[in-house]
Every structure is written in C-alpha cells, then in structure tokens.
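The values are calculated or read from the model by the stated rules, or taken from the named source; none is laboratory data. What you see is a predicted model; the values in this text were computed from it and never measured. So basically every Cβ, Gly included, is an ideal-geometry build from the backbone, and we count neighbours across all protein chains shown. Ligands, DNA and RNA are stripped out before the accessible areas are found, and what is left, the full protein with its side chains, is counted by its heavy atoms. Shrake-Rupley method; radii C 1.70, N 1.55, O 1.52, S 1.80 Å.
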Amino acid sequence: MSDIRAEIAGGETGTGEAGFGDYVQLLKPRVMSLVVFTALVGLLVAPVRLHPMEALAAIIFIALGGGAAGALNMWWDADIDRLMKRTAKRPIPAGSIAPGEALGLGLALSGLSVLMLGLAANWLAAGLLAFTIFFYAVVYTMWLKRLTPQNIVIGGAAGAFPPMIGWVVATGSVSLEAVLMFALIFMWTPPHFWALALFMNSDYSKAKVPMLTVTHGRRVTRAHIIVYTLALVPVALGVGLTSIGGPVYLALALVLNAVFVLGAWRIWRRTEEAAEADGYRVEKRFFTFSLAYLFGHFAGFLIEATPWAGALRAQFAFWGA
C-alpha cells in the first residue's frame, strides 16, 4: 500500500481549510473546459436539434462527470502529485482537502452525473459517460499510468469520448461522425502530452511515472511525436469529408495541420543540447499550439453547422454540378 493510501486507511484529514477554489481545482477545471467544449460541439453539430434547456442540462451533467473523474484522479495520484513541481500545489498534496473527502466527492459526482444524464437525455449517453469516468479513473489512472509508457496512447481514449457523448445525447446513437471526432482527439493526445513530457521529464522521472521520455529517452519520444502527428493528419482531414465537415473546416484543417507537422518536424530535428540551451522553447511552443490545434478543428465543426457555411456548401455543389 502506498503512503497516500495508508493515510486514507488511517482516516487522515486535510491539514488546511479548504476554500471554494480548492474544490474547483479538485475537479480539474482546465480538463473540464476541454470536456465541455468538445461535448458541446458534438451536441450542436449533430443532425438532431434539442431544446436549449435539454442541451444545457446535458452539458452540465457531462461537465460534472468530467469533474468527478478529475477528483478521482487526484485522489489516487496524490502520492506522486506531491513529488512533482507541476502538481505539488494541488489540493490534496497541499493539505487543503483530505484524500477521503476527494474520494467521496468523486464517487458522489460520478453517480449523480450518470444518473441525471440518463434521465435528462438517454441511457446510451449516460452509459458512455459512466464508461469514460471508469476508463479515466481506473483504467488510465490506477493501471496504465504507472504501468506502461503507452499510458498516454491508450489512456487518451478517456479524453476522446466527450464529443461522442454529446452526439449521442442529441441523436441517441453512434455514427461515423462521432467516431471520427473521437479519433481526432485520440490521435492528437500522444503528441500533445509527449511534448509536455519533453520539458517536464524530471518531474515524471522523480515520481517514477513511466512516460516515454523516462523509459525510452527524449530522442525516441521526438520520433514518436512526428510519427503520431503524421498519422493524425489523415484523420483530421478525413472528418472534413463527412456531414460535419465542409470547405471552411477543410481550409482551416489544412493550415492547422501544416503548422502542426512543421512543429513536430522541428522537434524531431532538435538535439538535446539545443533544447536545453533555449529552455525547450520549441517544445513548449508546440505544446501550446497543440491546444489551439484541437480548438481550431472543433471550432471549424461549429462554423460548418451555421447557416452561412451551409449556403457556402450549396454554392460549391452548384458550381460542381
């Protein structure tokens, strides 16, 4: 039993007084914002329109599910979080929230979010949300993260489900479009997190988390980034050929993927001496741009769902006839 779980068994309480901000942080608001945005896009681009109140309720419960998974992740990872500079100030290692309290909140929000999404939307969407929470909290956090350098590759599925859940909320079924939105995030996740691992490798090494940079070194990680980035491109462009794509999305995707591939190529060509000399500037820029990359693609889906984009597609069809 690790130290943190020994403390839980002993009924440890937080050493400080938790404020509202601590509970917000426990739910991983940055991750939750990505969950909410991609789920909302999946819901809005679906061919079935929901009443605004139904859509709002569904997004709230999906957000709660994402927050629940974040709380469970922080509960389990508190022992390694306190070892890493990037995570040492999280509520549990900082002592503001007790581990048992985080566990209880995570379990309560999990049950509430799944139950309410089933009642507000449909049970297929609720089942997908339940599986997503389980996959992130158990399969990724408790198993893969500390077991294999492929943790991010397989575990990335957890972050890829929200747009599919949003689609299912609206339609009650899974379609090719939903699967491709899932695949877009799934393929994007490894280069995104491996870029982070390149300049945060000392944290992962200290906590003995088997990230690819720790187990195989930065040179191999750089090669993996370029390979996964190149594999991502056909997925990103392929979505543009479905009902949720179109000329606006494809134009945006071409630019974003060209910049992303160029960034991955620069990372691949870099030596460790050059990276250390400039404080991993190229890697940090790539990581930051990867967030804009994903946002840009899903913003493209939203644009294509507007009447303006529909009229543009009609014009293209007219001139192509």
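Counting only residues that are without any contact (Cβ under 8 Å) to a residue 24 or more places away in the chain and either more than 23 Å from the chain's Cα centre (by Cα) or more than 25 Å from GLY166 (Cα to Cα) (or both), region 238-257 holds 4 of them. Contact map, region 159-174: first residue closer than 10 Å to LEU44 by Cα and in contact (Cβ under 8 Å) with a residue 40 or more places away in the chain, second residue open to solvent by 10 Å² or more (accessible area, probe 1.4 Å) and charged (D, E, K, R), Cβ cut-off under 8 Å, separation 6 or more or different chains; pairs are TRP167/GLU177; ALA170/ARG49. Considering region 39-55, and only residues there that are assigned to a helix (DSSP H, G or I) and in contact with a Leu (Cβ under 9 Å, 6 or more places away or on another chain), the residue that is surrounded by the most Cβ atoms within 10 Å (Cβ to Cβ) turns out to be LEU43. Within region 62-73, none of the residues are in a helix (DSSP H, G or I) and either more than 17 Å from the chain's Cα centre (by Cα) or exposed (fewer than 15 other Cβ atoms within 10 Å of the Cβ) (or both).
Matching residues to (1) open to solvent by 60 Å² or more (accessible area, probe 1.4 Å); (2) without any contact (Cβ under 8 Å) to a residue 40 or more places away in the chain; (3) under 30 Å from TRP143 (Cβ atoms); (4) not in a helix (DSSP H, G or I):
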| site | (1), (2), (3), (4) |
| --- | --- |
| PHE193 | yes, no, yes, no |
| TYR204 | no, no, yes, no |
| PRO210 | no, no, yes, yes |
| VAL259 | yes, yes, no, no |
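Scanning region 272-287 for residues that are in contact with a helix residue (DSSP H, G or I) (Cβ under 9 Å, 6 or more places away or on another chain) and either closer than 26 Å to LEU184 by Cβ or open to solvent by less than 90 Å² (accessible area, probe 1.4 Å) (or both) gives GLU272, ALA274, ALA275, GLY279, TYR280, VAL282, GLU283, LYS284, ARG285, PHE286, PHE287. The number of residues in region 74-90 being in a loop (DSSP other than H, G, I, E, B) and open to solvent by less than 10 Å² (accessible area, probe 1.4 Å) comes to 3. Got at least one residue in region 30-38 being exposed (fewer than 13 other Cβ atoms within 10 Å of the Cβ) and more than 18 Å from THR132 (Cβ to Cβ)? No, that holds for no residue. What do you reckon, is SER173 of a type in the set (Ser, Thr, Tyr), surrounded by fewer than 20 Cβ atoms within 10 Å (Cβ to Cβ) and at pLDDT 95 or above? Yes; evaluated as a whole, the condition is true for this residue. Does ARG218 satisfy the criteria of being outside any loop (DSSP other than H, G, I, E, B), charged (D, E, K, R) and in contact with a Phe, Trp or Tyr (Cβ under 7 Å, 6 or more places away or on another chain)? No: the conditions fail for ARG218.
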